Amino acid sequence: MKNLLSALSPALLALTLLLPLGLQAEEPAPPETADRLPRVVILATGGTIAGAGAGAADSATYQAAKVPVEQLLANVPQLPALAEVRGEQVFQIASESFGNEQLLALGRRVAELAEDPEVDGIVITHGTDTLEETAYFLTLVERTDKPIVLVGSMRPGTALSADGPLNLYNAVAVAGNLQSRGKGVLVTLNDEIHSGRDVSKALNIRTDAFQSPWGPLGMVVEGKSYWFRLPAKRHTLNSEFDIRQIASLPRVDIAYAYGNLDGTAYRAFAQAGARAIIHAGTGNGSVAAALVPTLQALRQEGLQIVRASRADRGGFVLRNAEQPDDKYDWLVAHDLNPQKARILAMVALTRTQDSRELQRIFWEY
């Protein structure tokens, strides 16, 4: 056995050296450059991380979006050791109230900061309810390799064992780290670093609420980032979309599938002006036989039909599996959940209505 291990060691070493850096745990680099600390701007938008409860035991009963950005920064006095930090209060809302107007305004401000040579990284404090949607939107439309990190919390800052301060500390550490450049929009909670494309809120009460079906990109320990994989899909600097070229977003709705579903919701969305409907189907984005004629008719009227999966631990919808997508001229969302498929459909429809082009976009992003 000893001889066998000796013989294998050089081969294993060679294989390790050939692995992409994203598949190896990288030793963290110091946050500062040679002559100064990184400069990080924190854009505050509200949410639980800015929430306050009546008492320290109130971890789930509180008012979101109450604490201003100045107080958020003051609550983490260790930040100046990581970076030169300044804050801006962009919004003060709970994230379930985030709409297209807020997405566009935030995206434009991020783009302005990304162009500023005096800014090295951007942190966005955000409510967790729709954080995953904002993260993916920014992933698609921000043409920069500078780190953009979204962060939130599951407990208000007034609660015992509040998670917000450490989450914010970690987010600033990641945003100021040179190794974070070029990795797309990131999400940092619970000591983990996730891709803004992949991550979703899987739980609504625990601090380990955010999960990615393909796993996190890395983790943060005592302000140092450790990376284990790289994003595989197009993002940020390699995206064909640009927030500076998007004046408005088209209406795209999601219809949730269940037993005994009919076409009522789909027709209502069409009448309201939807340009596309995300079908959050069971299993592999399945469509009930009774619903097929409605979706066929809507597609013939010009609406895009996108099949996604309602599976909450990660769906994976295959084209022409369960449904003849080529025949019906429908789209599939690939591994995107319905809410992320909606974001991509809105952005993609600002450039094209061609179904083949749209399907290419769903494969590549």
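Quick note: the coordinates plus some simple rules give every number you see, no bench work behind them. Just so it is clear, the model here is predicted, and its values are computed rather than measured. Every residue, glycine as well, gets a Cβ built from its backbone with ideal geometry; the counts of neighbours run over all protein chains shown.
Summary of packing: across the peptides 60-71, 124-135, the per-residue average of other C-beta atoms within 10 Å ranks them, highest first, as 124-135, 60-71. The orientation-averaged projected area of the convex hull spanned by the Cα atoms of the stretch 250-364 comes to 6.2 nm².
Residues whose amide H falls under 5 Å from that of Gly218, counting only those 5 or more places apart or on a different chain, are Ile193, Phe228, with hydrogens built in the peptide plane.
For the chain, the relative contact order works out to 15 percent when only alpha carbon pairs closer than 8 Å and six or more residues apart are counted. Taking the centroid of alpha carbons for each part, the stretch 127-183 and the stretch 330-354 are 24 Å apart.
Over every Cα atom in the stretch 112-189, the radius of gyration and the widest Cα-Cα span, Dmax, amount to 12.8, 39 Å. As a rough guide to protection, the peptides 324-332, 354-362 ranked by mean Cβ packing within 10 Å, highest first, stand as 324-332, 354-362. Both radii were evaluated on the Cα set of the stretch 25-238; the Rg over Rh quotient, with Rh as the Kirkwood radius, amounts to 0.93. Report, in degrees rounded to the nearest 10, the 0 to 90 angle that the Cα long axis of helix 131-141 makes with the longest principal axis of the chain. Value to nearest ten degrees: 80.
When the Cα positions of Ala65, Gln296, Leu331 are compared along the charge dipole of the chain, Gln296 comes out farthest toward the positive end, with charges on each C-beta of Lys, Arg, Asp and Glu. Projected onto planes of every orientation and averaged, the convex hull of the alpha-carbon atoms in the chain covers 22.2 nm². Straight Cα distances below 15 angstrom link Lys183 to the aspartates and glutamates Glu26, Asp120, Glu142, Asp145, Glu192, Asp198, with same-chain residues fewer than 8 positions distant left out.
Each of Val85, Val292, Val317 has some number of other Cβ atoms within 10 Å of its Cβ, and from fewest to most they run Val292, Val85, Val317.
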